[in-house]
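None of the figures in this text is laboratory data; all of them are computed from the coordinates on show. Every value quoted in this text rests on a predicted model; they were computed, and no experiment measured them. Neighbour counts run over all protein chains shown; Cβ positions are idealised from the backbone, glycine included.
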Amino acid sequence: MKKPINVSNQGATLDTSRRNFLKLSGIGIAVAGLTLVGCDDDDFVYNDNKIFDLGMGDVGVLNYAYALEQLEADFYTKVVNSFYAGISTVEKEVLTDLYHHEVIHRDFFKAAITGATNNVLPTLEFQYPNVNFNDRNSVLATAKALEDTGVAAYNAAGKYITNPTYLVLAGKIVSVEARHASAIRDLINPLTAAFSGDDVVNPTTGLDVAKEPKDVIAAAGGFIKTPFTWKERGIN
Amino acid sequence: MNILKLLDKLSDDSFFTKQTSRLDNLSDITSFGKKAAVAAIPLGLGSFMATSAKAETTTIDPTTMKSALTDALQLALTLEYLEDEYYAKGLAKPNLIPSSDRVVFQQISKHETAHVSFLKATLTSLNVTPIAKPTFDFTVNGAFAPMDDYQQFLILAQAFEDTGVRAYKGQAGNVMSNKDVLQAALQIHSVEARHASMVRRMRSNKGWIELASGGSGSGAMPPATNAVYAGEDVTMQAGFNTATAFGAAAGSAAYDEVLTTAEATAIATLFID
């Protein structure tokens, strides 16, 4: 049976190889139920408290999409587990569908990335400090922000994808996010231009927002508790 | 610089290592104006000319720069011409669109007009002559009366927008060689999806496509539009079963499918005289 040893980098020297493990000084080690006598090296699993990097090339982009889908799935799960007071039938149906779609997207990315690499983004933790899940305005405003952000993120990330198959898959998802965004915006301001407002669609060019990964993470980062980096895209 | 020297330069790999662009932002392309960029290297070629940054006059024959990428843009332009004219006509027709719904179609119309301009400017910058606007027959030889019957106007609007989403998606592979064009295409594609969602919901449908159905109940779509929704019911995405979690309707709705060039062209052609 594997005995987990949690190794913290706090104050550690640089040599972290397993062979020299016992020679390292200043490492905090938490070991459960261990006696040194009779322990085999192979019994240990090392959990390094390093920050996850999304990776290089297409893997990085897929992990990025996975991160955003995790956020949306997490948000809508909370929404449907406790619908806000006074929710209408239409709103319930819309938010339930969004919950379904984002969970499917999330699980899809997990499966796709797992099949492609060992560098799979772990399950992130999220926080919603300024969201009142019992308030319609708060929930819809947050949903709007998340959907618009998703659209903008995919629109800018497409150019970083090299595999045409992945590009098409991302394309199949982004249009659904845009359908979501449109619906939420219309729930907030029915039968106005809001569904495709000038705040997201440039009135001169007719182009939707595209936001670079750095800017997306800066905007959405407030919801994400678990830190990660994407060094290739300048997110450290 | 003549075409032979240009092609010689293009075959030099070092020209592909640096992505340059004469414009910081592709959206500035419309500021080229009516007399587009005579004294400047077109955007697409400029990005190849990594080592010669200054503008040059060119005498390249517009037909020689045709490619899968520019063909994709011409298809997109055709669909945008169609939508642009459709909404302009609808908004101009007295007593067709109820006042409660006009704002929505004015916004959609504004975008389609902008898309036409944008795509024409993009093609011009790639030194390809944009195709001329076709003559459209939105009645399809009398099968429809969208300019007389608002419900039919809505039906075709939904069909056009859902087609647009799938058509752009089908061209992604053809435009991915030019990062600026790809991004712009994605940015138009998501707008069409916003439109589609809105029109669908105005017809009491969901904003997304479940199974291969255009809609149900009062939101149903006529059989003539089946081609717009054919294939939308897939529930396998890259080996992942999207129906497992919540059923086939949700699984299929979570993804929009492509239309091939031929499929998109066939749909558009129905409305071209």
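Whole-Hz ³J(HN,Hα) for each residue in the range B:75-83, computed from phi via Karplus 6.51 cos²θ - 1.76 cosθ + 1.60 with θ = phi - 60°, x for glycine and proline: what do you get?
Result, ordered by residue: 5, 4, 4, 4, 5, 6, 3, 4, 5 Hz.
With a 10 Å Cβ neighbour count serving as the proxy for reagent exposure, in which order, fewest first, do A:147, B:232 appear? The partial results should precede the final answer.
Working: A:147 23, B:232 20.
Going from sparsest to densest Cβ surroundings: B:232, A:147.
Show the residues, 5+ positions off or on another chain, whose built amide H is closer than 5 Å to the amide H of residue A:52.
Residues meeting the amide H criterion: A:229.
With each pseudo-label sitting 7 Å past Cα toward Cβ, what's the residue A:138-residue A:236 distance in nm, one decimal?
Using points 7 Å along Cα→Cβ, the separation is 3.7 nm.
If amide hydrogens are placed 1.01 Å from N in the peptide plane, which non-local residues have theirs closer than 5 Å to the one on residue A:235?
Residues meeting the criterion, in which the H sits 1.01 Å from N, are A:230.
Quantify how strongly other chains surround peptide B:76-85 by giving the mean number of their Cβ atoms within 10 Å of each of its Cβ atoms. Each step should come with its number before you reach the end.
Numbers: counts 0, 0, 0, 0, 1, 0, 0, 0, 0, 0.
Per residue, the number of nearby Cβ atoms from other chains is 0 on average.
Work out the FRET efficiency for residue B:89 and residue B:177 from their Cβ-Cβ distance, taking R0 = 45 Å, and round it to the nearest 0.05. All intermediate terms of the calculation are to be shown ahead of the outcome.
Values: r = 36 Å, r/R0 = 0.80.
According to the calculation, E is roughly 0.80.
In whole Hz, what ³J(HN,Hα) sequence does the range B:253-269 give by Karplus (6.51, -1.76, 1.60; θ = phi - 60°), x for Gly and Pro?
6, 5, 9, 8, 9, 7, 10, 6, 3, 4, 5, 5, 4, 4, 5, 4, 4
If you average the sequence gap of Cα pairs under 8 Å that are 6 or more apart and divide by the length of the range B:67-269, what percent do you get for the contact order?
It comes to 20 percent, rounded to a whole number.
Hey, what does the equivalent ellipsoid look like for the range B:116-256, semi-axes from the Cα gyration tensor as sqrt of 5 times each eigenvalue, largest first, whole Å?
After diagonalising the Cα gyration tensor, the semi-axes are 27, 24, 12 Å.
Would you tell me the mean number of C-beta atoms belonging to other protein chains that fall within 10 Å of each C-beta in A:193-201, as a whole number?
Going residue by residue through A:193-201 and averaging, the value is 6.
For the range B:69-196, what class follows from the C-alpha gyration tensor (a ≥ b ≥ c being the square roots of its eigenvalues): rounded when a/c is under 1.5, otherwise prolate if a/b is larger than b/c, else oblate?
Prolate, since a/c reaches 1.5 and a/b exceeds b/c.
Rounded to the nearest 20 Debye, what is the dipole magnitude of the range A:52-233 about its Cα centre when Lys and Arg each give +1 and Asp and Glu each give -1 at the C-beta?
Value, rounded to 20: 220 debye.
Given labels modelled 7 Å from the Cα in the Cβ direction, how far is it in nm from residue B:68 to residue B:227?
About 2.3 nm separates the two model spin labels.
Can you pull the mean other chain C-beta count within 10 Å for peptide B:214-223?
Mean inter-chain Cβ contacts per residue within 10 Å come to 0.
Do any of A:50/A:214; A:159/A:231; A:92/A:214; A:172/B:179; A:144/A:172 go past 22 Å between their Cα atoms, and which?
Numbers: A:50/A:214 20 Å; A:159/A:231 17 Å; A:92/A:214 33 Å; A:172/B:179 18 Å; A:144/A:172 20 Å.
Table pairs above 22 Å Cα-Cα are A:92/A:214.
Through the Karplus equation 6.51 cos²θ - 1.76 cosθ + 1.60, θ set to phi - 60°, convert the phi angles of the range B:88-105 into ³J(HN,Hα) values in whole Hz; use x for Gly and Pro.
So the Karplus estimates, Gly and Pro as x, are 4, 4, x, 5, 7, 6, x, 6, 8, 8, x, 4, 4, 9, 4, 4, 4, 6 Hz.
Given H placed 1.01 Å from N in the peptide plane, which residues other than close sequence neighbours of residue B:136 have an amide H under 5 Å from its amide H?
Amide H neighbours of residue B:136: B:273.
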